[in-house]
Each structure stands twice: as structure tokens, then as C-alpha cells.
Amino acid sequence: MSVTLRYSSDLATSDPQHNPVLIVGQVKNLAKITFDQVKRKLEPRVTEETFAAAVAGLHPSPTDSCPLWLNNATVAALPTKCSRHNTPSRSHALTKVVKSCFSGGDEYVVIVCEKSDVFASGCAIARALPLFNSKSSNSNSKRSVTVEFLLVGTDSDVSLSDSDIECLSVVASAIRLTARIVDAPCADMHTDAFLDEVRKVGTELNIIPTIIQGEALREKGLGGIYGVGKAAIHEPALAVLSHTPEGATKSIAWVGKGIVYDTGGLCIKAKTSMLGMKRDCGGAAAMLGAFYAAVKLGFTENLHCVLCLAENAVGPNAVRPDDILKLYSGRTVEINNTDAEGRLVLGDGVAYADKDLKAGIIVDMATLTGAQGVATGRYHAGVVTNSEEWEGVLVKAGQNSGDLTHPLPYSPELHFSEFASALADMKNSVADRSNCQVSCAGLFIASHLGFDYPGIWIHVDMASPAHSGERATGYGVALMTTLFGKASKNSLLQYNAPAQSCDGIDGQENSAKKIRLN
């Protein structure tokens, strides 16, 4: 069943008998509203006394819900407690609550929250409504879910504007696009199909992508992407979308790992660990979705989306352990593990962003290591960056957006020696997997910029947050649009962006020039 997702700043009049409704929020926020504010969603089925008794009876542990009229009208409470490393919006709990309360048909979700939680809450609903479905029983019928906001507390005196609603709609579409790409099997979402998605986004944004594919990669010197993907039926590719608005003074590149399937290569994965490797394109899918949303909502600086696409397949042409690849940086890599392929394609991607695009801020995002889930868990992506300031801003952006992040050590002098090679500039996998493996993987990527790179480099390893169970989450879209929200014309993204100042370096004109995004 196809589901249309809509957002609204006002509560429309509806009858639970025909349009199921869920009213959800933190208990402290639900206690601030009156029946008069929500009766248009509940009457004539629910009385004021029933609603008041239901709200008073909510005791979340961690969540709670109470039916108001059959299963068609429900009030639900989000967790009361929130630690400093969680998002104040409780967006992860919101996604779960909403999914459990869907009734089918055209229905409404009323979110009672402060304005600071609007963006993350809206994104949480988008994660609850994935697009990809290959069930034979999937009907062609359509239904809609309308999300309405009832603001309380700070800044509640002004309702959401049309611009705010547009922001939620565009970012939600981008999240669902990202999740659809990640959920699709490689038979459908191979490199050529991914390139079709890139072209569709380019057409909508009036941008012609630059695509380097197949043998052209080898000729260009992009040995990492070419080496990883050359054994597959569908050729590897580097795809670049560039937004260059008039008056821009900064150049920013978002680089995504797009391994459409990862068998592990000749160092083939076990049957249980290979399952789900269609999701290894999560970083590229997120960057594509985030780029679409950022540009659609009016990004004011030069923004480049660099997607490194390949299938790590097994075949006669597959790269072998002991092979030595030359990446776009000019550095050579001795292959000691063909299953450490993501860093090879990203090494090319960041070098391209530096050399060809002159980016002063480079963010790479990837489902890079299984160790990330051990280091920072299922909800927090691991962050490695050469900037202490941006490290803090990333944490705040994660809390504001619901796409949580947590810092990992940045110590090249301690960890990069794990890649020492007697024959090449480096190996592609660590000698000691117990020595800060997630940071090491990020440092491999950074080495292809050079540790003396004068700009800002940020690595986001989101292997675990990219999915929840068997479904993709669309992780990364909300994070990136929030992180760079101060460079957007959209008022809600500006409001949601971290307030801290971030000093960086504009590599486009002067590598010593300081820049500010807010």
C-alpha cells in the first residue's frame, strides 16, 4: 500500500470513526494542552472527561498509551527521562510508538511538543513509513498519514509557517528516498540503478551530474573505486552533483560510500554476516537524500555530493589480497583484506573532493565497520574528525535532528601505524583489530587527504544506525541538513542548526582563510 505523508501546522477537523488519530507527546507537554485544542480530532466519539482521565493515567515506562475510542483514537506518552547523550525530542521512541499505533486508512498523528523538537519529531514519522515493499500481497491502494503539530512551551505563540512545513515535507521525502535505496536488493539497486537515482535527483534540481564509470575510472586514476568494483557485472562509478549558487564563498563536499552489495570480495563473508549487505550503500544514499533536501530548501554555499559506487563482487577480475592499488591521492595501498573495501572507495572520493572540487569542508559518511556498533551502539554514529569544534557541533546536530552521533579518538600518531606496509604506502586493513578499529578506518580515509590537510574533515561511521532490524532508517539526511542548517535559506533548518560558531578553512580560494557557517 502506498502511503502519502503530509505535514500541517493546524489541526483539521476529523472523526475518529473515519480517520484514526494518535495524539502523542511527553506527559509534561500533554498536560499543557486543553480538550478544546484537540476536540476537533476527537468529537463526537471522545468526551473531555475521557481525554483528561486518559492523559492523567499515562505512566510511561518508557512509553505508555491509552485508547480513547476503540483503536481509532489513542493518546500516547513518550519517555520522561532523557540523558545527555540522547535527543531531547525522544524521536526514536516516537518512531516506535507511531508504528505500533497505525490503524490503516487515512489517519492523523498529532504531535504535542516544543518548537525545538518539531524537526526531529517530523523526521521520526518519516522513518516509520518506509517506501520499499516487494510483498505479493502489497495492494495498489493508497492511504495518507497527516502529521499535525500542537506547540507548547517556548516559541509556541507563533504557529509553524509554510516554510517550516515545506522543510518537513522535503526532508521527509529525502529520508524515505534514502531508506528506499538502502532497502532495495542489489538486483534492483545495482550501480546503474543507483546512477538512475542520481540522475532523477539532478533533473529535479536542474543539475547535470558528472559520472565517471568503468574504465574511465582507471584512466582518471581512481584506483580504489575501480579496483573494488571491477569484478561486478554493473560497472563501478564516481557520481558528482554540484550546486554552485551565485555569491557562494565556501566549498563543501559530502562524500558517500555506495557499496551496493558487499560479499567481502575474495575474502568472502560468512553466510550469516553477508546477509543485509545491500545496506552497504547507506552512506551514499544518505548523502544523496541530504543533498536533495539541502539544495531544494535553498543552500547558499557551493555544495558537492560525491558518491563512490561499486559492488564488491567475487569473480575472475576481483582484486586479490597482495594486490597493490594506486588511489586518486597518488598513494599506494597493499590489499590485505578485500572486505575492507569501503575505505578504498572513500579514499578516492575525498581526494577527488580536495583535488578537483577544492572543498574546504569534507564530510564522508559510510556504513564502514561492524566495530562501530560495538563502539557507539545502534543509535549513535561514530565520528572521527580533525576539528574539535566540529566534533562538538556534530554531537549537538545529532541531538537536534534525532540522528545521534558520538566522538571517537582522533590520534593519527597513535593509530595510523596499524596500516604499515613494507611494500606500499599503507595496507588497507589494520594489524590489530582491537586497537580502536573504528578510528583507524576513518584515519585511512583521512590519509588520502593527508594529515596536513588544511580544511575540515569529518568522518561519520553509521553502520548500525543505518538500519533498525530489517528496515533502513534513512539515517544521515536529518543530520546533514541540520549540521549545515546555518547555510540554508530555510528558517526551520536555521532554527534547528547548532548555535555554536565553527571555524574552518575555505580551500577554494585561500587555504588559510577562516570561514564561519553561523
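Entry comment: accessible area of the chain is 39 Å² per residue, from protein heavy atoms only and a probe of 1.4 Å. Under the convention that each Lys and Arg Cβ holds +1 and each Asp and Glu Cβ holds -1, the size of the dipole of the stretch 183-263 around its Cα centre is about 340 debye.
Multiply the residue separation of GLU470 and THR272 by 0.36 nm, subtract the distance between their alpha-carbon atoms, and state the gained length in nm to one decimal. Don't jump to the answer; show the numbers that get you there.
On the way: separation 198, 0.36 × 198 = 71.28 nm, distance 1.38 nm.
Taking 0.36 nm per residue and subtracting the Cα distance, the gain is 69.9 nm.
Across all Cα atoms of the stretch 238-375, the radius of gyration (one decimal) and Dmax (whole number) stand at 16.2, 52 Å.
Show log10 I(q)/I(0) for the stretch 88-208 at q = 0.13, 0.23 Å⁻¹, two decimals, from a solvent-free Debye sum over equal Cα scatterers. Debye output, listed in q order: -0.65, -1.37.
For THR47 and ALA12, what does the FRET efficiency come to when R0 = 30 Å and r is the distance between their Cβ atoms, rounded to the nearest 0.05?
On the way: r = 20 Å, r/R0 = 0.68.
Once rounded, the FRET efficiency stands at 0.90.
Measuring nothing but protein heavy atoms, the accessible surface of the chain at 1.4 Å probe radius is 48 percent carbon and sulfur.
Before rounding to the nearest 500, sum -39500 (n - 2.57) across all DSSP H runs of length at least 4 in the chain and divide by the residue total; then give [θ] at 222 nm in deg cm²/dmol.
Details: 18 runs with 172 residues, N = 518.
Mean residue ellipticity, 222 nm, calculated: -9500 deg cm²/dmol.
Any idea which of ALA237, PHE299, ALA52 is furthest toward the positive side of the dipole for the chain, if Lys and Arg beta-carbons carry +1 and Asp and Glu beta-carbons -1? The Cα lying farthest towards the positive end belongs to ALA52. In the assembled protein chains, GLU43 presents an accessible area of approximately 90 Å² (probe radius 1.4 Å). Annotation: Cα Rg of the stretch 132-282 relative to the compact-globule expectation 2.2 N^0.38 Å equals 1.35.
Counting only Cα atoms, I'd like the Rg/Rh figure for the stretch 401-479, Kirkwood definition for Rh.
On the way: Rg = 14.8 Å, Rh = 14.4 Å.
Using Cα coordinates only, the ratio equals 1.03.
Over every Cα atom in the stretch 1-124, the radius of gyration and the widest Cα-Cα span, Dmax, amount to 13.7, 42 Å.
The equivalent ellipsoid of the stretch 304-438 has semi-axes of 26, 18, 16 Å, largest first, where each one is the square root of 5 times an eigenvalue of the Cα gyration tensor.
At a 10 angstrom cut-off on C-beta neighbours, averaged per residue, how do the peptides 30-40, 370-380, 307-317 rank from highest to lowest? Show your work: numbers first, answer last.
On the way: 30-40: 15.6, 370-380: 18.4, 307-317: 22.7.
By packing density, highest mean first, the sequence is 307-317, 370-380, 30-40.
Residue separation of LEU205 and ASN138 scaled by 0.36 nm, minus their Cα-Cα distance, works out to 21.0 nm of gained length.
Using only alpha carbons, build the gyration tensor for the stretch 239-309 and give me the equivalent ellipsoid semi-axes, biggest first, whole Å. Working shown, then result.
Details: eigenvalues 219, 23, 8 Å².
Whole-Å semi-axes of the equivalent ellipsoid: 33, 11, 6.
Equivalent ellipsoid of the chain: semi-axes from √(5λ) of the C-alpha gyration tensor, largest first, are 42, 24, 21 Å.
In the chain, the longest principal axis of the Cα atoms and the axis of helix 437-446 are about 60 degrees apart. Each listed q (0.24, 0.26, 0.30 Å⁻¹) maps to a log10 I(q)/I(0) for the stretch 81-129, found by the Debye formula over equal Cα scatterers with no solvent: -0.92, -1.04, -1.26. A simple rule links phi to the HN-Hα coupling: the Karplus curve 6.51 cos²θ - 1.76 cosθ + 1.60 with θ = phi - 60°, which for the stretch 322-329 gives 5, 5, 10, 9, 9, 8, 5, 5 Hz, with x for Gly and Pro.
The values are calculated or read from the model by the stated rules, or taken from the named source; none is laboratory data. Values in this document were obtained by computation on a predicted structure and should not be read as measured data. Reconstructed Cβ throughout: ideal geometry from the backbone, glycine too, with neighbour counts over all protein chains shown. Side chains are part of the model used for accessible areas, which takes the heavy atoms of the whole protein and leaves out ligands, DNA and RNA. Shrake-Rupley method; radii C 1.70, N 1.55, O 1.52, S 1.80 Å.
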